[in-house]
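Below is one structure, written out as structure tokens; the observations come after it.
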Amino acid sequence: MDPSFLLSFPLLLTLLPPCNACLCKLLHPQTVYCETDVVIIVDILGPGEITRTRRNFKVNVTQILKAPKGTSEIRYIYTPRREEDCGYTVVNSHQSQLLIAGYLSRGKVYFTRCHLFYFWYRLTPHQQLGFQSVYNAGCDCQILPCLLCWRNCPEPDVTDCTWKQANCEYSIWQGDDSLFSTCVPSTSGRCGWTRISLRPSNTTSPNSLLTTIPPSSSLTPLP
């Protein structure tokens, strides 16, 4: 199974059609969380400066879901200027409650169309809880799309979870594994798919929000 397979990443509906030169790895939302430096929820207040290589947007950060200790106040986010470099262009200059995942460079937050940039309210409650407190528990696991999904997928290694979707039409907005589940290690250390529970808990431990999924079970999405 080759995790470096490239596909265009789903983005905001307001995003202009991507140029063929911008190709992105297929990533599960948990992988997005684990492999980026910063995950934040922001309101875009308006466009900022445009230079020869990049543009920025003025933002108000309403929630920080992930950031290194000591990260300074985030007032601007940066993206490549050109679409062929996977730069992002906001059609509406003012947008609210956007989930943005990106990386830090010299104290500034950068993101591209290969990073997650999506309306927070359009995520399922399970995905929201995943970004807030659960995905972090599975960052030692690796989620690999089954690119031969019309056949039997290879057996995953101990630290892998096989990500399958019907007809290989992968999207982080479809399928039980994307919408409702996370990949976390069990007490034996083997990684496996686990349903994120929305039931209130008396403890703040991420493991208290997980329900083990039997390997052969078939999940029914919540209404």
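Scanning the stretch 83-101 for residues that are surrounded by fewer than 15 Cβ atoms within 10 Å (Cβ to Cβ) and part of a loop (DSSP other than H, G, I, E, B) returns 89, 91, 92, 93, 94. If you go through the stretch 64-78 and keep only what is modelled with pLDDT under 90 and surrounded by 15 or more Cβ atoms within 10 Å (Cβ to Cβ), you end up with just 71.
Selection within the stretch 102-144: residues that are open to solvent by 50 Å² or more (accessible area, probe 1.4 Å) and of a type in the set (D, E, K, R). The member of this set that is farthest from residue 29 (Cα to Cα) is 106.
Look at (1) at pLDDT 80 or above; (2) open to solvent by 40 Å² or more (accessible area, probe 1.4 Å) and you find that residue 167 fails only one, number (1). The residues of the stretch 145-179 that are touching a strand residue (DSSP E or B) at 6+ places or on another chain (Cβ under 6 Å), hydrophobic (A, V, I, L, M, F, W, C) and either assigned to a loop (DSSP other than H, G, I, E, B) or touching a residue at least 60 places away in the same chain (Cβ under 8 Å) (or both), listed by number, are 146, 153, 163. Identify, please: which residue in the stretch 22-62 is open to solvent by 70 Å² or more (accessible area, probe 1.4 Å) and within 30 Å of residue 142 (Cα to Cα) and is, among those, modelled with the highest pLDDT? Among them, the one singled out is 35.
The values are calculated or read from the model by the stated rules, or taken from the named source; none is laboratory data. Quick caveat, the model's predicted, so the values are computed rather than measured. Neighbour counts run over all protein chains shown; Cβ positions are idealised from the backbone, glycine included. Just the protein is used for accessible areas: all its heavy atoms, side chains included, with ligands, DNA and RNA removed. Shrake-Rupley method; radii C 1.70, N 1.55, O 1.52, S 1.80 Å.
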